[in-house]
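First up is the structure itself, then whatever we jot down about it.
Just so it is clear, none of the values below were taken in a lab; they were calculated from the coordinates. Everything numeric here is computed off the predicted structure, so don't read it as measured data. Don't worry about glycine lacking a Cβ; one is built from the backbone with ideal geometry, like all the others, and counts go over all protein chains shown.
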Amino acid sequence: MKFADIRTLLLVIISVIFLSCSGPAEKKADTANLSWSQIEQQAKGATLTMAMSMGSKNINYYMSNYAVPAMKEHYGITLNIVPGQGKTIVTSLMGEKEAGKEVGQIDLCWINGETFFQLRQIDALYGPYVQQLPNFKYVDTANPIIKYDFQQEVKGFETPWSLSSFSVIYDTARVAQKPVSMQDFETYWKQHPGKFTISNDFSGMTILKSWLIELAGGGNALDGPFDAAKYEKYSTLLWAWMNRNKQYFWKKGETFPASGTVVSQLYSSGEIDFCLSFNDAEVDNKVAEGLFPASSEAIILQSGAIQNTNYIGITANSGNKAAAMVVCNFLLSPEAQLRKANINTWGARTVLDLNKLEKEWQEKFDTLPKIKHGLTASDLNGRVIKEPDPQYMLKVFDDFRKKVIEAN
Amino acid sequence: MFSKTANRLAIFLLFALAVLPLLAGIGYALLYSLGVTGALKTGFTFEHWKKLFTENNVLASFLYSAAIAAVSLLVSVSVSLWIALTNHQRFRKGALSYLIYLPLAFPGIVAAFFFFQFLSKSGILSRLFFQLHITHSIDGFPDLTNDRYGIGMIVTHCFLSIPFFVLLFVNFINTERITAYLQLSATLGAGSRKSAFRVAIPMLLRKSLPNIILYFIFMFGAYEIPVLLGRSNPETVSVMAVRKLQKFNLLDIPQGYAIAILYTVVVFSLIVLMLKSRKIAYDL
């Protein structure tokens, strides 16, 4: 190999490095002043990347076998789904922002609550754009759970996708009397030590928040912006209660599973009697798959069922925001929402107000298979509560570690 | 001429693709931990480092990770030495020579899940004990996962590392003519026990010291195994760093980077030690 060859080789290597560093095609203009047909025109042939949790086979199936082909067929949009949720998305977008990258890797992300709060903190979301989506007219905008994401007004920066309610799942064959209040749980734990635990993640923090709300008086006691004095008062009671009772938890409360998946696994193998869920159709799906006993049911806690909406956000540095809006609009369509609400495909509660739909669609929603084991719409009627301000989540997560886990 | 240019190219590539990104990463982490860079930067401050040491059991985490790695290595190296010295011929051909590679093909996360299913109170072993009437209920089975002594983690680390060390030692026994030395010591009157402890084991350990140190670093920084089989408190270093970097509070990220810097310092010190020990090993 001569020196000239090596120089050529070097040139090739350097060009490859530079090419791989450069982002996708040119950045398209913002969409605020475009009509919907102009937006659709601009979206044609785009390639988009959507980051979302891929932890459920039903969700993955819905996306890869329905949404992705539909986007290709109707709009010529190539939609790539990549795994990523919560802080992974935030870290990635933060990194791009810090590097001054104008066109990022992610165009769409599946988010809610604290991720929305964090992305707004670093100004990484595009908007407001939601009102421009033709299918937004069907959304149940009167529902405060949809209008406010963890107490923050959405203000058109994310497209509502589905509603999720928090519940505790238990086995009626093993638990004679279902516990609802904190007092009921305490009684159960003392009689059945080692049969309960919570995960040190989102779902575990949600049951702690539910108990915090119960201590504060239930319902909407923690609504509004973060109140440090209120938090101090009720969290002190909560940690004292947890520390008094954790000896009756799984492994004597000396350790807590890192994720809700492990808690579900412990429940399905019979090691514990309860697990936590943020998916309305989870009990039915898992019973159908044979993972959970058929005697499983869901409980609404004394304080109510914390319900939140999950949303689709468009990143501020997306290379084709018009195409991303077309995807959001499709996912909001009655057809896509109907398919998603079916417990045999996914079972995610719709964000659409059925009264705003045409008769034909209303009938289709009415004839969907009904939930048997999980929480039904009538169970939830009047019992739904909003997520408190995201600061409560951050404080609960920190203090649970400092005041309970490390207090051993 | 060619080899000189090729060498330069190799050094350039090593620098451009390995050293430079690494140094840039460490520099970035350091600046981040000092509040100089990052989307939510506050300006130069030692606050994050102070917080890390005052509000977290960071020292306990480092000691705990080191202890788990050291005990796992001690068990794994001892068992591997014993297997290699007593059975080294069997690994040359036959079923064992293939089977030994099997655990090496397991990724850490799969092995961790397997042992979680196998050793937990409602796991396979516990069910077997129950069927054999050794235990009266699943609660009678001892705590082997997420347990106080890290047994689940140590067992998993050993499962993954024993085949590696067995293959390494068997290879050294063959290439370093250990059997010839053993025969020599036998003819000089040493018993088999004495030959093993005074001749074979010291030679094998000295020869494999760099590999043992490298494996220590690997176990010290393991993530999947402690996240599934470890306890919430104390946490291993990697679990703590990931919690700081990836959980809910964005303002914890600088602390995550500070842990990464500390981890890098520990690993670099071990690598320096390894390079020195390699010199010893090659001098032998």
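Please give the helix A:390-399 orientation as an angle from the longest Cα principal axis of chain A, in degrees from 0 to 90, rounded to the nearest 10. That works out to roughly 60 degrees. For the residues of B:247-257, the average number of beta carbons from a partner chain within 10 Å of their own beta carbon is 5. Binning all Cα-Cα separations of the stretch A:267-347 at 10 Å, short to long from zero, yields these whole-percent fractions: 14, 32, 28, 18, 8. Specify the angular offset, from 0 to 90 degrees and rounded to the nearest 10, of the alpha carbon long axis of helix A:3-21 from the longest principal axis of the alpha carbons in chain A. It is inclined by approximately 50 degrees. Summarising the strand pairing of the protein assembly as shown, around 70 percent of its internal DSSP beta bridges are antiparallel. Measuring r between the beta carbons of A:Leu354 and A:Lys230 and using R0 = 60 Å, the FRET efficiency lands at 0.95.
I'd like the projected area of chain B, averaged over all directions, using the convex hull of its alpha carbons. Report it in nm² with one decimal.
Computing the convex hull of the Cα atoms and averaging its projections yields 21.9 nm².
Under the combined filter of DSSP loop state and at most 15 neighbouring Cβ atoms within 10 Å, the stretch A:83-153 retains these trypsin sites (Lys or Arg not before Pro): A:Lys101. Between B:Thr179 and B:Ile271, the contour length at 0.36 nm per residue exceeds the alpha carbon distance by 30.0 nm. The residues neighbouring A:Ala341, those whose beta-carbon lies less than 12 Å from its own, together hold a net charge of +2 under the Lys/Arg +1, Asp/Glu -1 convention.
Need one value for A:250-256: mean number of C-beta atoms belonging to other chains within 10 Å of its residues' C-beta atoms. Display every interim value, and only then the final one.
Details: counts 2, 8, 2, 1, 7, 9, 4.
Mean partner shielding for this stretch: 5.
A viscosity of 1.002 mPa s and a temperature of 20 °C, combined with the Kirkwood radius over C-alpha pairs in the Stokes-Einstein formula, give the stretch B:34-131 a diffusion coefficient of 115 µm²/s.
Measuring how big the protein assembly as shown is from its alpha-carbon positions, Rg and Dmax come out at 29.0, 99 Å.
Dividing the convex hull volume of the alpha-carbon atoms in chain A by its residue count gives 182 Å³ per residue.
Averaged over the residues of peptide B:116-125, the number of Cβ atoms from other protein chains lying within 10 Å of each residue's Cβ is 3.
The calculated FRET efficiency for the pair A:Lys403 and B:Ile261, based on their C-beta separation and a Förster distance of 25 Å, comes to about 0.35.
Taking a span of 27 Å or more along the helix axis (Cα atoms) and a mean Kyte-Doolittle hydropathy of at least 1.6 as the rule, the DSSP H helices of chain B that qualify are B:58-87, B:151-175.
Computed with the Debye formula from one identical point scatterer per Cα of the stretch A:104-234, without solvent, the log10 of I(q)/I(0) at q = 0.14 Å⁻¹ comes to -0.84. Count Lys and Arg as plus one, Asp and Glu as minus one, and take only other residues whose Cβ is under 9 Å from that of A:Tyr170; the net charge is then -1. Taking Cβ atoms as reference points and 11 Å as the exclusive limit, the residues near B:Phe141 contribute a net charge of -1, counting Lys and Arg as +1 and Asp and Glu as -1.
Taking loop as defined by DSSP and a crowding limit of 13 other beta carbons within 10 Å, which chymotrypsin sites (Phe, Trp or Tyr not before Pro) in the stretch B:31-88 fit?
Sparse-neighbourhood loop chymotrypsin sites (Phe, Trp or Tyr not before Pro): B:Phe44, B:Phe46.
So which of A:Lys72/A:Lys364; A:Lys190/A:Lys402; A:Lys87/A:Lys178; A:Lys195/A:Lys386; A:Lys386/B:Lys121; A:Lys286/A:Lys340 end up more than 27 Å apart, counting from Cα to Cα? Long pairs (Cα-Cα over 27 Å): A:Lys87/A:Lys178; A:Lys195/A:Lys386; A:Lys386/B:Lys121.
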